[in-house]
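Undergrad: Sharing a structure below in structure tokens format, with a few things to ask.
Any read-out appearing in this document is the output of simple, stated calculations on the displayed coordinates, not a laboratory observation. Remember, it's a predicted structure, so these values are computed and weren't measured experimentally. Because the Cβ atoms are built from the backbone with ideal geometry, glycine has one as well, and the counts that use them run over all protein chains shown.
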Amino acid sequence: MILRYDTDQSSKTFEVHAAGLARYLYTQFESDMDQLQLLLDGSQEKKISETMTVVRAERSRMLHWFRDGTQVVWNGVFQLIYNGDKIEQLMFETRDHQLYYPRSKLAELCVPISPNQVQNRSPKMTKKQQAQGRNQQNMQPEEPAFDLRKLPKTSITPFGIHRQLQTQLEVGKYALSSIIFEELTHLITACRNNECYGAAHILLPRPS
């Protein structure tokens, strides 16, 4: 996944390997997600070898429905590479994302304006002008004021994913880097201690 920051449009890549796919999906639905939907528009399929095929859709959407009614929509590019019946790679690169709140939550934030609200009037206004102002005020329908300070807090990060899921992806990314670094360090040490052997020989399993 290549996700973009919602302010400066910088991107960050998160990789989910086959071994961590179950953990990724488990974390997705543990983070209050209810449904996940993928919409492809204008997808194209192309064979890149005798057995491998790539499917790409430049106009794609991934919809995340959460249990509290919140919805996150990714807009971007979807690409799938499969070999026979096996999926080799699945990639989604976002161009942007939107966060939607349910109407019921937003209605709770609207504060109705009282018709008896006191308004500052010029002391030079005549009684006739004041009466006309009151008549116009009575004719206008009440319009509720939207208080942004009461906007509900969200667990969606600026990258458009749940905070719990992003934490799991970042921990997995650094853990994988540590494993690779440890294996390379072991390989380099083994090469130095066994000058008569090449790297390929060290990587091969030795007979018991």
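Undergrad: Describe numerically, in nm with one decimal, the distance between label points set 7 Å from Cα along Cα→Cβ at E50 and at T13.
TA: In this crude spin-label approximation the distance works out to 3.0 nm.
Undergrad: In the structure displayed, which of K105/K153; K12/K153; K47/K86; K105/K150 lie more than 18 Å apart, Cα to Cα?
TA: Exceeds cut-off: K12/K153.
Undergrad: List, in order, the whole-Hz ³J(HN,Hα) value for each residue of segment 11-26 obtained from phi through the Karplus relation with A = 6.51, B = -1.76, C = 1.60 and θ = phi - 60°; use x for Gly and Pro.
TA: 10, 9, 9, 10, 10, 10, 7, 4, 5, x, 5, 4, 5, 4, 5, 4
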